[in-house]
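Novice: First the structure, which I've put down as structure tokens, then a few questions once you've had a look.
Every number here is computed from the coordinates shown, using simple stated rules; none is lab data. The model shown is predicted, which means the values in this text are computed figures rather than measured ones. Glycine gets a Cβ as well: all are built from the backbone with ideal geometry, and neighbour counts include every protein chain shown.
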Amino acid sequence: MKQWLALAFLLVLFAMVFLPGFGGEDEETGERDTEEKQGAGMVAPNAPDGLEVGEAAPDFTVETVTGETVRLSDYRGKKVFLNYWTTWCPPCREEMPEMQKFYEAFSDEVEILAVNGTGTEDGGISMVRDFISSGEYTFPVLLDEQLEINETYQILAIPTTYFIGTDGIIQKERRTGPMTYEFMVKMKDALN
């Protein structure tokens, strides 16, 4: 199962990069859409919509990379960016420093919960720990060892981020693709 999921992710990433029109490319001009025009990022045309704006974010209980047990509902009352990623995903690795910079500036307003698709990691939890340690990332990293969060949140491409308000409701359309610091600030300001 782990190999099939990894292969599916790689195929989607390949298609986004190399197939015209698949990854937000204008078919007439061949130019990529900007972040503002593209909205939630690059999504396969036959992908399910995922969880919808206005739905309650499904609760879950998992361990963090430091061994602590957390529930999503523990963060009720705080804005949450629920980010799904893996160590083997280049766009995920690209956005991690941006997330750290944002977390250092706004952790009093927004919680970043970086859910690692641990069930797809060849090196398991130790690989995730090494990656987090080497990058000196301080936001909470949650371990989805059985890929239950992946299934519940319908993660088909990574990174994918859901934006959850203080009421526990998904308030903005999910983002598929890496986030910039500026985009995260904009999303922070849009949540209540």
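Novice: Could you give every pair whose Cβ atoms fall below 8 Å, whose first residue belongs to the stretch 92-121 and is touching a residue at least 40 places away in the same chain (Cβ under 8 Å), and whose second residue is buried (at least 20 other Cβ atoms within 10 Å of the Cβ) and among the acidic types (D, E), counting only separations of at least 6 or pairs across chains?
Specialist: V115/D144; N116/D144; G117/D144; G119/D144
Novice: Quick test of your reading of the structure: T166 fulfils all but one of (1) closer than 14 Å to K79 by Cα; (2) of a type in the set (S, T, Y); (3) under 14 Å from the mean Cα position of the chain (by Cα). Name the failing condition by number.
Specialist: (3)
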